[in-house]
Structures are given as C-alpha cells and as structure tokens.
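Below is one structure, written out as structure tokens, with a few remarks after it.
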C-alpha cells in the first residue's frame, strides 16, 4: 500500500487518479490495504491500495 493510502480514514474525500469521471468519493473503510470508497458518479468501489494511490482532496473551508 502506498504511504498516502495508509493515511486515509473513513470520511475523507478522495479522487481516483485514473478515473476522473467517477468524481470525488468518500472513504468508507481502509482495512489491510483494501479501501472502500463511495464515489459520486460510480457508487461504492473497493480499491486495492497496493495498485492505486488515491488522491486526497483538501478543500479550503474558510
């Protein structure tokens, strides 16, 4: 699993680097490198964290 994926926690917003058409997704779980994400346009997807480095989305909340 990539180091960044290890930091992903439920509730965090992410994007899939190879599937921008899926939109942003919310992490549901991150267990042993299997990351379940509910994407806006694709629905619930289980990602193999050793193959894909998801991109955290940090929004300015000011």
Subset of region 1-46 [modelled with pLDDT of 95 or more, part of a helix (DSSP H, G or I) and touching a strand residue (DSSP E or B) at 6+ places or on another chain (Cβ under 7 Å)]: 22
Of all residues in region 47-62 being within 9 Å of the chain's Cα centre (by Cα) and part of a strand (DSSP E or B), the one that is surrounded by the most Cβ atoms within 10 Å (Cβ to Cβ): 47
Residue under evaluation residue 41, criteria (1) free of Cβ contacts under 8 Å to residues at least 40 places away in the same chain; (2) crowded, with 17+ Cβ neighbours inside 10 Å, criterion not met: (2)
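The values are calculated or read from the model by the stated rules, or taken from the named source; none is laboratory data. Quick caveat: nothing in here was measured; it's all calculated off a predicted structure. In this analysis, Cβ positions are derived from the backbone assuming ideal geometry, glycine residues included, and neighbour counts consider all displayed protein chains.
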